[in-house]
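J.: Take a look at this one; I'll ask things after.
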Amino acid sequence: MVLTGFFDSLMVAKLGHVELAASGICNSIFFLISIFPMGVTMAYATIISLLLGRNKIKITHLLVRDSFYVTLFLCLITTLVVYWSIYGFGTFDQTKEVEVLSKPYLTLLMWSLAPMLLFFYSKNICDGYGYTRGGMVITVLALLLNIFLNWVFIYGNLGFSAYGLNGAGYATIISRIFLAAAMFTVLFKSKQTPISFAEWRHSFTNYKQFRFFKQIFKLGFPTGLQYFFEIAAFAVAAMMAGWIGSKELAAHQLAITLASVTYMFAGGISAGSSICVAKATGNKNKENALKYGKAGHVLGVGVMGLFALFFLLFNIPLAQLFSADADVVKLGANLLILAALFQLGDGLQAISVGLLRGIEDVNIPSFVTFVAYWLVAIPLGYFLLHNTSLPEIFIGVKGIWIGLAFGLTISAILLTYRFYYLLRSK
């Protein structure tokens, strides 16, 4: 999913830095709104894993049913919020040239929201059953489809008109419909998942059977808030960069796109570790839960350490992939150095959030992420953005990123400490 955004930005960047800036602010707004329901759907995998650990596989189809109701409700609410943001776009205080391009593109992204959430619904159900390969294959195919459709619609190939930035929106809608349809097929047709379409359909007629709404809310709501606090902080960071100018926003977008790609490797390790820890927690095996946690952290530190080195060594060539504008490349390369510095913190906090979700600890981590991002990262970034008396490295868009780095580091330390403290004190 993140690689889709990466190639969208890469291919849109060839149109110009204004198009890149518009793509960046639209995706920031879109994921600011959609990240909460995406976080809620991640709770489905954890609850199924807990049920499997407790040997209650026979009632998981009821969770699948109730999760579908919750997902449809979230689709409706978040689509309405995106709709409102389009017509209130002026409140984001972006440059006029960026606003003109952003409104139609964000409208297209809005139509891709429901299929995206339905994909995450079915994917997280499969993940909970321990079947992750199907989701991996489907997302890779959707990525290739999106790249091809970008080439067709953005630049006007194979006889189609060149739609520019909006072409990326059309490609996104089609690829996300494919994601949802293919993932639903895998969920009900694969032998790796113990639920059939007939059983799922029949479950909607059993109104008196046990419902999981309370457990979904108890685990999913704080999980959604955790991701919302983080993504909202990065969305606000993008808006603050846009206050300075379109080149600063374009530089921010290229750097955050690359940082998002590396973050998702940690996110994948986090999701896998969370499922393993949840199963161990379900059968009350604290020793295994601790081992899975340690393994997740070791993998995360190793992978993110390599990415940090990669950003430091190749920051200029990476920035040049997105822009030919010398100012954008220079600023983007500097931001990638800052991105390298918080790779370890970013990876650790992502994995620790997943591990804590696996042991059903979500309320305190939500509070920690709120403090780290909204009481440290954003206020510090805002202060550095406007304090021109400091050295150049600390001001402007670079100051925003320094604030984010501090927030990520604090979140990583506190969440990692909490995971080991809770397991060793039980």
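The values are calculated or read from the model by the stated rules, or taken from the named source; none is laboratory data. Here the structure is a predicted model, which means the values were calculated and not measured. Cβ coordinates were reconstructed from backbone atoms using ideal geometry, including for glycine residues, and neighbour counts include every protein chain displayed.
J.: Looking only at the stretch 272-298, count how many residues are closer than 28 Å to G403 by Cβ and surrounded by fewer than 22 Cβ atoms within 10 Å (Cβ to Cβ).
T.: 1
J.: How about the stretch 200-227: which of its residues are in a helix (DSSP H, G or I), out of contact with any Gly (no Cβ under 7 Å at 6 or more places or on another chain) and of a type in the set (F, W, Y)?
T.: Correct list: W200, F213, F217, F221.
J.: Here's something else I'd like to know. From the set of residues in the stretch 219-231 that are of a type in the set (A, V, I, L, M) and at pLDDT 85 or above, which is nearest to L355 (Cα to Cα)? Spell out how you get there, then give the answer.
T.: Kept after step one, since they are of a type in the set (A, V, I, L, M), are these residues of the stretch 219-231: 219, 225, 231.
Within this subset, residues satisfying the condition of being at pLDDT 85 or above are 219, 225.
Working: L219: 13, L225: 16 Å.
Only one residue fits best here, namely L219.
J.: When you look at F221, is it within 19 Å of the chain's Cα centre (by Cα) and among the aromatic types (F, W, Y), yes or no?
T.: On the way: within 19 Å of the chain's Cα centre (by Cα): yes; among the aromatic types (F, W, Y): yes.
Yes: the conditions hold for F221.
J.: Which condition breaks for L141 when tested against (1) modelled with pLDDT under 95; (2) surrounded by fewer than 22 Cβ atoms within 10 Å (Cβ to Cβ)?
T.: (1)
J.: When the stretch 317-367 is examined, which residues are found to be of a type in the set (S, T, N, Q) and over 30 Å from K218 (Cβ atoms)? Please lay out each step first, then the result.
T.: As a first pass, look at the stretch 317-367 and keep what is of a type in the set (S, T, N, Q): 320, 323, 334, 343, 349, 352, 363, 366.
Selection gives Q320, S323, N334, Q343.
J.: Sort out which residues of the stretch 288-332 are small (G, A, S), in contact with a helix residue (DSSP H, G or I) (Cβ under 8 Å, 6 or more places away or on another chain) and under 21 Å from F7 (Cα atoms), and write them in order of number. Before the answer, list the steps.
T.: Here is the first cut: in the stretch 288-332, the residues small (G, A, S) are 289, 293, 295-296, 300, 302, 305, 308, 319, 323-324, 326, 332.
If we keep only those that are in contact with a helix residue (DSSP H, G or I) (Cβ under 8 Å, 6 or more places away or on another chain) too, we end up with 289, 293, 295-296, 300, 305, 308, 319, 323, 332.
Result: A308, A319, S323, G332.
J.: Considering only residues of the stretch 363-373 that are of a type in the set (F, W, Y) and crowded, with 16+ Cβ neighbours inside 10 Å, which is nearest to G399 (Cα to Cα)? Outline the logic, then answer.
T.: Start the filter on the stretch 363-373 by keeping residues that are of a type in the set (F, W, Y), which leaves 367, 370, 373.
Now restrict to residues that are crowded, with 16+ Cβ neighbours inside 10 Å: 370, 373.
Values: F370: 20, Y373: 14 Å.
Among those that are of a type in the set (F, W, Y) and crowded, with 16+ Cβ neighbours inside 10 Å, it is Y373.
J.: Could you say which residue among A241, A198 is surrounded by 22 or more Cβ atoms within 10 Å (Cβ to Cβ) and either of a type outside the set (D, E, K, R) or over 21 Å from the mean Cα position of the chain (by Cα) (or both)? Step through it out loud before you land on a result.
T.: Values: A198 fails: surrounded by 22 or more Cβ atoms within 10 Å (Cβ to Cβ).
Matching residue, one of A241, A198: A241.
J.: Consider S28 carefully, then state whether it is more than 24 Å from Q226 (Cα to Cα), in contact with a helix residue (DSSP H, G or I) (Cβ under 6 Å, 6 or more places away or on another chain) and among the hydroxyl-bearing types (S, T, Y). If you could, list the steps in order and put the result at the bottom.
T.: On the way: more than 24 Å from Q226 (Cα to Cα): no; in contact with a helix residue (DSSP H, G or I) (Cβ under 6 Å, 6 or more places away or on another chain): yes; among the hydroxyl-bearing types (S, T, Y): yes.
So S28 does not fit the description; no.
J.: From the list A45, A22, exactly one residue is part of a helix (DSSP H, G or I), within 24 Å of G332 (Cα to Cα), in contact (Cβ under 8 Å) with a residue 24 or more places away in the chain and not aromatic (F, W, Y). Which is it?
T.: Values: A45 fails: within 24 Å of G332 (Cα to Cα).
Step by step, each of A45, A22 is checked, and only A22 is part of a helix (DSSP H, G or I), within 24 Å of G332 (Cα to Cα), in contact (Cβ under 8 Å) with a residue 24 or more places away in the chain and not aromatic (F, W, Y).
J.: From the list I29, I86, exactly one residue is under 20 Å from H252 (Cα atoms), part of a helix (DSSP H, G or I) and of a type outside the set (S, T, Y). Which is it? I'd like the intermediate steps shown before the answer.
T.: Details: I86 fails: under 20 Å from H252 (Cα atoms).
None of the other options fit; the residue is I29.
J.: Follow-up. Out of the residues in the stretch 100-137 meeting the condition of being crowded, with 21+ Cβ neighbours inside 10 Å and among the charged types (D, E, K, R), tell me which one is nearest to the chain's Cα centre (by Cα).
T.: Result: K123.
J.: Test of understanding: among G39, G135, G90, which residue is touching a Cys at 6+ places or on another chain (Cβ under 8 Å) and closer than 28 Å to D8 by Cβ? If you could, list the steps in order and put the result at the bottom.
T.: Values: G39 fails: touching a Cys at 6+ places or on another chain (Cβ under 8 Å); G90 fails: touching a Cys at 6+ places or on another chain (Cβ under 8 Å).
Result of the check over G39, G135, G90: G135.
J.: Another one. Counting only residues that are assigned to a loop (DSSP other than H, G, I, E, B) and touching a residue at least 12 places away in the same chain (Cβ under 8 Å), how many does the stretch 141-184 have? Give the derivation first.
T.: Here is the first cut: in the stretch 141-184, the residues assigned to a loop (DSSP other than H, G, I, E, B) are 156-164.
Those left that are additionally touching a residue at least 12 places away in the same chain (Cβ under 8 Å): 164.
Of the residues in that region, 1 qualify.
J.: Follow-up. Among (1) in contact with a His (Cβ under 6 Å, 6 or more places away or on another chain); (2) at positive phi, there is one condition I195 misses while meeting the rest; what is its number?
T.: Evaluating I195 over (1) in contact with a His (Cβ under 6 Å, 6 or more places away or on another chain); (2) at positive phi leaves (2) as the failure.
J.: Within the stretch 276-291, track down each residue that is touching a residue at least 60 places away in the same chain (Cβ under 8 Å) and either part of a helix (DSSP H, G or I) or of a type outside the set (S, T, N, Q) (or both).
T.: Within the stretch 276-291, the first condition is being touching a residue at least 60 places away in the same chain (Cβ under 8 Å), and the residues that meet it are 276-283, 286, 289-290.
Those that are touching a residue at least 60 places away in the same chain (Cβ under 8 Å) and either part of a helix (DSSP H, G or I) or of a type outside the set (S, T, N, Q) (or both): C276, V277, A278, K279, A280, T281, G282, K286, A289, L290.
J.: Run down L335, L341, L356 and say which single residue is surrounded by fewer than 21 Cβ atoms within 10 Å (Cβ to Cβ), aliphatic (A, V, I, L, M) and either closer than 17 Å to H252 by Cα or in contact with a Phe, Trp or Tyr (Cβ under 8 Å, 6 or more places away or on another chain) (or both).
T.: L341
J.: Restricting to the stretch 45-91, and then to whatever is small (G, A, S) and surrounded by 14 or more Cβ atoms within 10 Å (Cβ to Cβ), can you tell me which residue is nearest to L117 (Cα to Cα)? So that I can check it myself, show each step before the final result.
T.: Start the filter on the stretch 45-91 by keeping residues that are small (G, A, S), which leaves 45, 49, 53, 67, 85, 88, 90.
If we keep only those that are surrounded by 14 or more Cβ atoms within 10 Å (Cβ to Cβ) too, we end up with 45, 49, 53, 67, 85.
On the way: A45: 14, S49: 20, G53: 26, S67: 11, S85: 19 Å.
Only one residue tops the list, namely S67.
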